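Let me begin by presenting the structure, written as structure tokens, before commenting on it.
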Amino acid sequence: MAEHAVPEGRIAAQAEPILSQQWQRVRGRLRQEVGEAAFHSWLHPIVLEGVRDGAVQMALPTRFMRDWVNRHYADRLRCLWTGENPTVRGIDIVVVPARSVRPVEAVAPAIVRPPVEDTEPTLSSEAAAEAAFAGQLDPRFTFQDFVVGKPNELAFAAARRVAEHPTAEYNPLFLYGGVGLGKTHLMHAIAWEIRRRDPSRRVVYMSAEKFMYQFVRALRFKNTIEFKNQFRSVDVLMIDDVQFISGKDSTQEEFFHTFNALVDQRRQVIISADKSPSDLEGLEERLRSRLGWGLVADLHPTTYELRLGILQSKMEQQGVTIPQKVLEFLAHKIQSNVRELEGALTRLTAHAKLVGRAITVEVALDVLQDVLRANDRRVTIEEIQKKVCEHYGIRHSDMSSARRARAVARPRQVAMYLAKQLTTRSLPEIGRKFGGRDHTTVMHAVRKIEELTAIETALAEDVELLRRMLGG
Ligand code: ADP
Ligand code: MG
């Protein structure tokens, strides 16, 4: 790829205010989706260059950043862009060296006070550090705004405890749970609470992604000493989404050293991840075991009661009134995670305000069609396979084995059929999940089960039962 060639036929972004506005919206959406930390590390530095041959050109200052963004965010960027502007046919991320792009220093970590004087210009003044702290932490993510229920009471209690006791009795605190269940919220809440109680304590909150990014950058610019110094006098270190460093050996090594040094000095370390320490793959054994030494608290998937409670609390925060029936409907229907639940509520109230209509279940059905449908069909191929195996009393490995005996072949076909019916996966994708079978095999299975259910009542009942158990 050409580094900073100004292509012919490019429409400059300045000449296209509409494009800039669309870019603002794309950025806004992404920011909500990926969270503050990742946004600041990777997406904030992107500069809109213009459009060329239907492709939106965006610039980043280094190859490393470009590759990272391409690998992790290109699909979303493309999708959001085409949603904003139907004439956009693709995106193109180019490398434009730093001087013409916003400074990379915009990625200073959230530090209450500079840990070491004058290491990095952006951290050297209290004001800048203060701004970075506030910028990284979401003001809405406080203990007060966290709704506690059975699935998260342990994690909540542990977080409060750590925020209120500076003695690091639980070290590290390890919070884990699925996406959108409140890990980041709780970490920010701890940071706010510590700051409220004792502003002199130095709190650093950072995503593991950013930790890695800064470390790699330090390696490149040969200032790893500075990188290490940043953490030396920190009182509380929080690293969010630590699963991101699995498989990244040198980053892990560095993290392990930082972690040990802090814990040895009885500084508080708080970690979050999507899995428990023992289930985190690609982590070195000694790091994995060390992470589990303190207090491990998990956030379980939400229950109906918790979802209803969250909706009620968010509704009060937004200063709107929504009939209880509608809230119950949403709590019942949107089970995936709190982020989606919140998003649905926001959309519904925005719509109601715009259109000036009362919010009813019918309105919700209409406005939230896509979310509701996605939640209806959230079942995965693995879940289907598991249920089918349980139902027929066969082993899970039989789903991908080459065995053709009727006793396993028929259930396998049923599972393929249900995968086609209940998920949005394509035939080749389904085939891959069944031991790398060809899409024609899946198609054959689907037809076969359709035929058989029309004539065999027992099989039809089996399929219907399974479908209902899987929420189809
Ligand atoms: P995670 O980091 O686990 O993916 P987040 O902490 O980002 O999830 O939470 C996603 C959204 O849901 C945030 O807006 C957060 O405020 C909200 N949320 C999650 N759990 C709760 C809760 N128990 N009470 C209030 N809001 C919550
Ligand atoms: Mg998070």
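All of the numbers you see were taken from the coordinates with simple rules; none came from a lab. These numbers were taken from a predicted model, which means no experiment stands behind them. Cβ: placed from backbone, ideal geometry, glycine included. Neighbour counts: every protein chain shown.
Suppose a student asked you for the relative contact order of segment 381-469, using Cα pairs under 8 Å spaced at least 6 residues apart; what percent would you report? Before the final figure, lay out each step's value.
Numbers: 83 pairs, mean separation 23.2, N = 89.
After rounding, I find 26 percent.
When N counts the residues of segment 317-375, how does its alpha-carbon radius of gyration compare numerically with 2.2 N^0.38 Å, as a ratio?
Details: Rg = 10.5 Å, N = 59, 2.2 N^0.38 = 10.4 Å.
Cα Rg divided by the expected 2.2 N^0.38 Å: 1.01.
Rounded to the nearest 20 Debye, what is the dipole magnitude of segment 317-375 about its Cα centre when Lys and Arg each give +1 and Asp and Glu each give -1 at the C-beta?
Details: 7 positive and 6 negative charges, 17 e Å.
Once rounded to the nearest 20, the dipole reads 80 debye.
Could you compute the net charge surrounding residue 468? Neighbours are other residues with a C-beta less than 12 Å from the C-beta of residue 468; K and R count +1, D and E count -1.
Details: positive: 387, 467; negative: 461, 462, 464.
So the surrounding residues net to -1.
Can you sort 362, 456, 342 by how many other beta carbons sit within 10 Å, fewest first? Kindly include the intermediate steps, with their values, before the conclusion.
On the way: 362 10, 456 13, 342 17.
In order of increasing Cβ crowding within 10 Å: 362, 456, 342.
Can you report the principal axis dimensions of segment 381-469 using only the alpha carbons, biggest first, rounded to whole angstrom?
For segment 381-469, the Cα spread along each principal axis is 30, 23, 23 Å.
Using +1 at the Cβ of each Lys and Arg and -1 at the Cβ of each Asp and Glu in segment 186-274, identify which of 200, 186, 242 lies farthest towards the dipole's positive end.
Of the options given, the answer is 200.
Picking from 452, 56, 423, whose Cα lies most toward the positive end of the charge dipole for the chain (charges on Cβ: Lys, Arg +1; Asp, Glu -1)?
Farthest towards the positive pole: 452.
When only alpha-carbon atoms are used, what values of Rg and Dmax, in angstrom, describe the chain?
25.3, 79
Beyond a 29 Å Cα-Cα separation, which of these cross-linked pairs lie in this structure: 325/353; 150/353; 210/433? Spell out each step's value before the answer.
Details: 325/353 19 Å; 150/353 34 Å; 210/433 33 Å.
Those over the limit are 150/353; 210/433.
Quick check: from the Cα gyration tensor, does segment 224-357 come out rounded (a/c under 1.5), prolate or oblate? Display every interim value, and only then the final one.
On the way: a/c = 3.09, a/b = 2.45, b/c = 1.26.
Prolate shape, in that a/c is at least 1.5 and a/b is the bigger ratio.
Is there a quick way to get the dipole size of segment 13-100? I mean about its Cα centre, with the Cβ of Lys and Arg at +1 and of Asp and Glu at -1; what is the value in debye to the nearest 20?
Working: 12 positive and 9 negative charges, 23 e Å.
I would put it at about 120 debye.
What fraction of the DSSP beta bridges in segment 13-100 is antiparallel, stated in percent and rounded to the nearest 5? It would help to have the intermediate numbers written out before the result.
Details: 5 of 11 bridges.
Of all bridge pairs located within segment 13-100, approximately 45 percent are antiparallel.
On a C-alpha basis, how far is the centre of segment 134-183 from the centre of segment 429-452 in Å? Whole number, if you could?
Between the Cα centres of segment 134-183 and segment 429-452 lies a distance of 45 Å.
How big is the antiparallel share of DSSP beta bridges in the chain, given as a percent to the nearest 5?
On the way: 9 of 33 bridges.
Looking only at bridges with both residues in the chain, the antiparallel portion is about 25 percent.
Sort out for me the Cα centre separation of segment 199-277 from segment 327-375, rounded to whole Å.
Value for the Cα centre distance between the two parts: 39 Å.
Select from 337, 369, 351 the residue farthest towards the positive end of the dipole of segment 273-399; place +1 on Cβ of Lys and Arg, -1 on Cβ of Asp and Glu, and compute about the Cα centre.
Most positive-ward Cα: 351.
Using all Cα-Cα distances in segment 137-299, what percent lands in each 5 angstrom bin from 0 up to the longest?
For segment 137-299, the pair-distance distribution reads 2, 9, 19, 23, 21, 15, 8, 2, 0, 0.
Based on the Cβ-Cβ distance of residue 78 and residue 458, what FRET efficiency does E = 1/(1 + (r/R0)^6) give at R0 = 56 Å, to the nearest 0.05? Spell out each step's value before the answer.
Numbers: r = 47 Å, r/R0 = 0.85.
For residue 78 and residue 458, the calculated efficiency is 0.75.
Please get the size of the charge dipole for the chain, origin at its Cα centre, with Cβ charges of +1 on Lys and Arg and -1 on Asp and Glu, quoted in debye to the nearest 20. Don't jump to the answer; show the numbers that get you there.
Numbers: 66 positive and 60 negative charges, 149 e Å.
In debye, rounded to 20, the chain gives about 720.
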